[in-house]
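Below is one structure, written out as structure tokens; the observations come after it.
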Amino acid sequence: SSSRHDHQSSSPNHQVTEELTKLLEVYRANNDTWRIAGYQKAIAAINAYPKEITSYDEARQIRGVGERLAAKVAEILASGKLRKVEEVCGSEETAVISLFLGVWGAGPSTARAWYAQGLRTLQDLHERASLTRHQKVGLLHYHDLNARIPRHEAAAIHSFVSRCCAEVCAGLVTEVCGSYRRGRATCGDVDILVSHPDGSSHHDVFLPLLDNMKKKGFLTDDLVTQEDNGNQQKYLGVCRLPGPDSKHRRIDIIVVPYSEFAPALLYFTGSAHFNRSMRLLATKMGMSLSEHGLRTNVVRKGREKLNDGCLLPTQTEESIFEHLGLPYRAPHERDH
Ligand code: DCP
Ligand code: MG
Ligand code: MN
């Protein structure tokens, strides 16, 4: 989704991560999976680093920053920029592909195909590209959807959704997850978890809730409505708060059974990288962690699961950390 241009301006190493992010964008445009992962990890680690980095050696000591990245950091410290960024970002091809990657639902291969077809501007896409339904929505709201959402607006969107929930069914609980819950100053989208403490009322609220929000003009465009993911229902779409100046924003809503509330909360809070490492740890311990729950005594043959193991009780996020033998990490400590 649109985590582009997401750097924390509060970081003392803002200039370094901004320059590295430009290179990350280039690798995204080239679909260079390994470099993308490496740069994302390093940028998150540098963002989390509390002091101004002053040398190669200091950079090298940060977990996630290897020799090559530390050399890049040193180059930025010395000259304020990266030569490589100047070389590649100067090219028209990279600039256009990066522009096209901002269309929600367009990946690197699509963006490159459009470029190869001779398309260069958003207007070209509008007139001559064959677009999927998702890409049409992405193009229609291109500038809004590529803008970060200020934290206070994410909170206002949550309040709006909470009021709609209360109208649809008394007692529904809602929680904003994702980057918002991790304490970020701005968010790429708003991720809202919905459930009901009575354990059963969540069954019948998904479609009526969406309907309620559409009638109010709050949900403006649907992207994905998915009801087949076990007992969880997921909506990806676009919303807009009332008022003449409000922007269209990406919103994700998941409705889950209350028995899966804590694992769903943990999953939906992320970060994606944090989730991957936690799942990997669970796997190494013969367990299996998902948004549905934590299972133990899972027998695997290679990557294949031979049985499902048995479900552990996970009433709270804390209990999941405990089962995995980990000290609890508050949401704002899960940013990388
Ligand atoms: N998630 C995940 N793996 C993915 C995508 C998502 O584990 N491939 C989980 C972790 C994310 C959460 O879902 O934190 C929400 O996904 P988002 O794409 O909304 O990501 P964030 O909210 O973390 O960041 P952003 O500010 O870009 O929305
Ligand atoms: Mg999000
Ligand atoms: Mn999301």
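The values are calculated or read from the model by the stated rules, or taken from the named source; none is laboratory data. The model shown is predicted, which means the values in this text are computed figures rather than measured ones. Glycine gets a Cβ as well: all are built from the backbone with ideal geometry, and neighbour counts include every protein chain shown. In case anyone asks, the SASA skips ligands and DNA or RNA and just uses the protein heavy atoms, side chains included. Shrake-Rupley method; radii C 1.70, N 1.55, O 1.52, S 1.80 Å.
Annotations
- The chain - share of DSSP beta bridges that are antiparallel (%, nearest 5): 85
- Kirkwood hydrodynamic radius of the range 238-296, from inverse mean 1/r over distinct Cα pairs, in Å: 13.5
- Counting only Cβ charges, +1 for Lys and Arg and -1 for Asp and Glu, the dipole size of the chain around its Cα centre is about 580 debye.
- Dipole of the chain [Lys/Arg +1, Asp/Glu -1 at C-beta], most positive-end residue of 224, 103, 43: 43
- Candidate lysines - alpha carbon under 28 Å from residue 215, same-chain residues fewer than 8 apart omitted: 136, 234, 247
- Accessible area of the chain belonging to carbon and sulfur atoms, whole % at 1.4 Å probe: 51
- Net charge of the neighbourhood of residue 116, taken over other residues with C-beta under 15 Å away and scored Lys/Arg +1, Asp/Glu -1, is 0.
- For the range 70-170: rounded, prolate or oblate by the Cα gyration tensor [a/c cutoff 1.5]: oblate
- Classified by the C-alpha gyration tensor, the range 159-277 has an oblate form. Its axis ratio a/c, with a ≥ b ≥ c, is 1.5 or above, and a/b does not exceed b/c.
- Gyration tensor (alpha-carbon) shape descriptor, the chain, a/c threshold 1.5: oblate
- The range 277-336 versus the range 145-168: alpha-carbon centroid distance in Å: 30
- Counting heavy atoms of the protein chains alone, residue 81 has an accessible area of about 90 Å² for a 1.4 Å probe.
- Placing a pseudo-label 7 Å from each Cα along the Cα-to-Cβ vector at residue 247 and residue 83 gives an inter-label distance of 3.7 nm.
- Ranking of 310, 177 by solvent-accessible surface, largest first: 310, 177 (1.4 Å probe, protein heavy atoms only, all chains present).
- Surface accessible to a 1.4 Å probe, residue 65 within the full protein complex, Å²: 10
- Förster radius 56 Å - calculated FRET efficiency between residue 123 and residue 304, Cβ distance, rounded to 0.05: 0.70
- In summary, the helical segments of the chain meeting the span-like criteria, namely a full DSSP H run, a Cα extent along the axis of 15 angstrom or more and a mean Kyte-Doolittle hydropathy of at least 0.5, are 67-79.
- In this structure, the residue pairs whose Cα-Cα separation is over 21 Å, taken from 22/81; 51/84; 51/72, are 51/84.
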